[in-house]
Amino acid sequence: MTAPEITVATPADRGRVVSSLVEAFTKDPILRYFFPSEATYPQYAAAFFGHFFDKQVHQKTIWTIERGASVAIWEPPRAGNDESGGDLADCLPAEVMTRVRAFRGALHAAMPTAPSWYLGVLGTNPDYAGRRWGHAVMRAGLRGAAAAGLPAILETSNPENVEVYRRAGWEVTDTFVEPLPTWVMRYSTH
């Protein structure tokens, strides 16, 4: 079997990336905490993932396979407080932003303060699941972290993902339970 081609996302990939991520996270605990309503999940999740895509696409730290069937959105350390891509509060209603802010507050308290590469989103459209494409796009970002001499960080609220990440070399460094159980994980690139 030939290895899939990994590409850096461009603005033209936005639609497919967002659509794949909306499908991939339909049952994810964090996304369902943010967007519990079946009726509004597709709209709000698309706005959420679109925001993160727009924030990172020009940094060239979104890796994809099949132009968005599998996606890793990475955030390298930034100089200053660069918030390119607009404000998430412009895309989502106040009650959703209350939940997003509660989660972000707990996550911020559990994250290391030293510079690191952050794997903010990793997902594969369910139509392409089981091909290990998620691991492939994740490794592209890990190479970026290694080139910078920095560790990588992620969080997951899906207990099934903890073991998947451990097998890929990640280790749990912290946990929190409010507003929902979450594991913070680190990957040492040296």
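The values are calculated or read from the model by the stated rules, or taken from the named source; none is laboratory data. Quantities reported herein were computed from a predicted structural model and do not represent experimental measurements. Here the Cβ is made from the backbone with ideal geometry for all residues, glycine too, and neighbour counts use every protein chain on show. The area values use the complete protein model at the heavy-atom level, side chains included, leaving out ligands, DNA and RNA. Shrake-Rupley method; radii C 1.70, N 1.55, O 1.52, S 1.80 Å.
The table below lists the values:
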item	result
The chain: most fluctuating residue of 174, 90, 13 per GNM, C-alpha cutoff 10 Å	90
Percent accessible area from carbon and sulfur atoms, the chain, protein chains only, probe 1.4 Å	52
Gaussian network model of the chain, Cα within-10 Å springs - most flexible of 68, 149, 130	130
Heavy atoms of residue 96: accessible area, 1.4 Å probe, square angstrom to 10	0
Net charge contributed by nearby residues that have their C-beta within less than 13 Å of residue 106 (K/R +1, D/E -1)	0
Backbone N within the stretch 100-119 under 14 Å of label point (7 Å from residue 33 Cα along the Cβ vector)	100-111
Rounded accessible area of residue 88 (nearest 10 Å², 1.4 Å probe)	0
Exposure rank, largest accessible area first [60, 55, 27; 1.4 Å]	27, 60, 55
Cα-projected label distance for residue 78 with residue 166, points at 7 Å along beta-carbon direction, nm	3.4
Accessible area in the full protein assembly, largest first, 1.4 Å probe, for 124, 156	124, 156
Accessible area in square angstrom per residue, the chain, 1.4 angstrom probe	50
Anisotropy class of the stretch 1-129 from Cα gyration tensor, a/c 1.5 cut	oblate
Accessible surface, 1.4 Å probe, highest first, among residues 61, 98, 26, 113	113, 98, 26, 61
